[in-house]
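As structure tokens, the structure follows; a few thoughts come after it.
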Amino acid sequence: MDNKLLIAPSMLSANFGNMKADIECINRSEADWLHLDVMDGVFVPNISFGFPVMKYMAQISEKPLDVHLMIVQPEKFIREVKDLGAMMMNVHYEACTHLHRVVQQIKDAGMKAGVTLNPATPVSLLADIIGEVDMVLLMSVNPGFGGQKFIPHTLNKIKELRQLIEQTGSSALIEVDGGVNLETGKLLAEAGADVLVAGNAIFKAPDMADMIHQLKCLKK
């Protein structure tokens, strides 16, 4: 992989009245993935969008889909996520009683498997699964709403996770989601993040493509 960050714009911050135009702009940009946040109103205190809307997004998107399920029992929807053509399926550590089984089911379905940690969940809990996952998503805000303030402790978690990855020989990428902008993104890149999920910073920028370019160039 080159030294540039991977950037995954979060559709949670898109203009749903003009979704097609927003995704087409992402298609023309240097963005690497399209990040889809699915919320059920149970695991997190909000509801976002479901599979009919995501099927529409998938039809328009030319970028690989990074699907983040902030829901209870995410294993029930592995087939539906696969049918979207998703590249990555992210499930929360906190939502999976049998995490190893769910990770294997995701991979058996032909997708890459990501595991997400909430801000208060320690990285050390991944020690027995880190070798099986393709990516770890660290939430740098409490999941459920866009536009929240970045939690600085995430920087320490990135460094700890990087150490765990290196010690175990894992090839897992480190993704971060929440409060990502040019300022926090630089800190995240310096700490060792591989993938940045950005919502408001991109979709509320005067020039979305330029903002994506600036984010990609944060890692030196």
How many residues of segment 120-137 are of a type in the set (A, V, I, L, M, F, W, C), more than 17 Å from the chain's Cα centre (by Cα) and more than 16 Å from Gly169 (Cα to Cα)? The answer is 2
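Where residues in segment 91-123 are among the small types (Gly, Ala, Ser) and in contact (Cβ under 8 Å) with a residue 40 or more places away in the chain, which of them is farthest from Asn200 (Cα to Cα)? Let's see the steps before the verdict.
To start, the set of residues in segment 91-123 that are among the small types (Gly, Ala, Ser) comprises 95, 109-110, 113-114, 120.
Imposing the further condition that a residue be in contact (Cβ under 8 Å) with a residue 40 or more places away in the chain reduces the set to 95, 114.
Values: Ala95: 26, Gly114: 23 Å.
That would be Ala95.
Mind counting the residues in segment 16-65 that are β-branched (Val, Ile, Thr), at pLDDT 90 or above and closer than 25 Å to Gln148 by Cα? Reasoning before the result, please.
Narrowing segment 16-65 to residues β-branched (Val, Ile, Thr): 23, 26, 38, 42, 44, 47, 53, 60.
Next cut, at pLDDT 90 or above only: 23, 26, 53, 60.
Retained after the next criterion (residues that are closer than 25 Å to Gln148 by Cα): 23, 26, 53.
Residues in segment 16-65 being β-branched (Val, Ile, Thr), at pLDDT 90 or above and closer than 25 Å to Gln148 by Cα: 3 in total.
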Hand me the list of helices (runs of 4 or more DSSP H) wholly inside segment 121-220 holding 3 or more residues that are more than 19 Å from Trp33 (Cα to Cα) and among the aliphatic types (A, V, I, L, M). 154-168
How many residues, within segment 192-211, are hydrophobic (A, V, I, L, M, F, W, C) and surrounded by fewer than 18 Cβ atoms within 10 Å (Cβ to Cβ)? 2
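For segment 30-82, which positions are in a strand (DSSP E or B), under 16 Å from the mean Cα position of the chain (by Cα) and among the β-branched types (Val, Ile, Thr)?
Residues of segment 30-82 in a strand (DSSP E or B): 34-40, 47, 65-70.
Keeping just the survivors that are under 16 Å from the mean Cα position of the chain (by Cα) gives 34-39, 65-70.
Matches in segment 30-82: Val38, Val67.
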Taking the stated definitions as given, is Val72 in contact (Cβ under 8 Å) with a residue 24 or more places away in the chain and touching a strand residue (DSSP E or B) at 6+ places or on another chain (Cβ under 6 Å)? no
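Here are Lys20, Lys4: which of them is more than 18 Å from the chain's Cα centre (by Cα) and of a type outside the set (A, V, I, L, M)?
Numbers: Lys4 fails: more than 18 Å from the chain's Cα centre (by Cα).
The unique qualifying residue is Lys20.
Could you tell me whether Gly85 is part of a loop (DSSP other than H, G, I, E, B), on the phi > 0 side of the Ramachandran plot and surrounded by fewer than 22 Cβ atoms within 10 Å (Cβ to Cβ)?
On the way: part of a loop (DSSP other than H, G, I, E, B): yes; on the phi > 0 side of the Ramachandran plot: yes; surrounded by fewer than 22 Cβ atoms within 10 Å (Cβ to Cβ): yes.
Answer is yes for this residue.
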Whichever residue in segment 167-181 is in contact (Cβ under 8 Å) with a residue 40 or more places away in the chain and among the polar types (S, T, N, Q) and, among such residues, is surrounded by the fewest Cβ atoms within 10 Å (Cβ to Cβ): Thr168
Tell me which residues, restricted to segment 1-15, are modelled with pLDDT of 85 or more and surrounded by fewer than 16 Cβ atoms within 10 Å (Cβ to Cβ). Asn15
The condition from (1) surrounded by 14 or more Cβ atoms within 10 Å (Cβ to Cβ); (2) over 25 Å from Glu30 (Cβ atoms) that Met111 misses is numbered (2)
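Give segment 105-119 a look and list any residue that's under 19 Å from Ala193 (Cβ atoms) and either of a type in the set (A, V, I, L, M) or more than 17 Å from the chain's Cα centre (by Cα) (or both), or say none. Walk me through how you get there before you give the answer.
Taking segment 105-119 and keeping what is under 19 Å from Ala193 (Cβ atoms), we get 112-119.
Scanning segment 105-119 gives Ala113, Val115, Leu117.
Being farther than 21 Å from Ile7 by Cα and touching a Leu at 6+ places or on another chain (Cβ under 7 Å) is true for just one of Lys63, Lys55, Lys82. Which residue is that?
Numbers: Lys63 fails: farther than 21 Å from Ile7 by Cα; Lys82 fails: touching a Leu at 6+ places or on another chain (Cβ under 7 Å).
It is Lys55.
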Would you mind telling me which numbered condition in (1) of a type in the set (Ser, Thr, Tyr); (2) under 19 Å from Gly131 (Cβ atoms); (3) buried (at least 20 other Cβ atoms within 10 Å of the Cβ) Thr184 fails? (2)
Among the residues of segment 38-59, write down those that are in contact (Cβ under 8 Å) with a residue 40 or more places away in the chain and surrounded by 16 or more Cβ atoms within 10 Å (Cβ to Cβ). Met39, Phe43, Val44, Met57
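The values are calculated or read from the model by the stated rules, or taken from the named source; none is laboratory data. Just so we're clear, the structure is a prediction, and the values are computed from it rather than from any experiment. With ideal geometry, Cβ positions are generated from the backbone for all residues, glycine too; neighbour counts draw on all protein chains shown.
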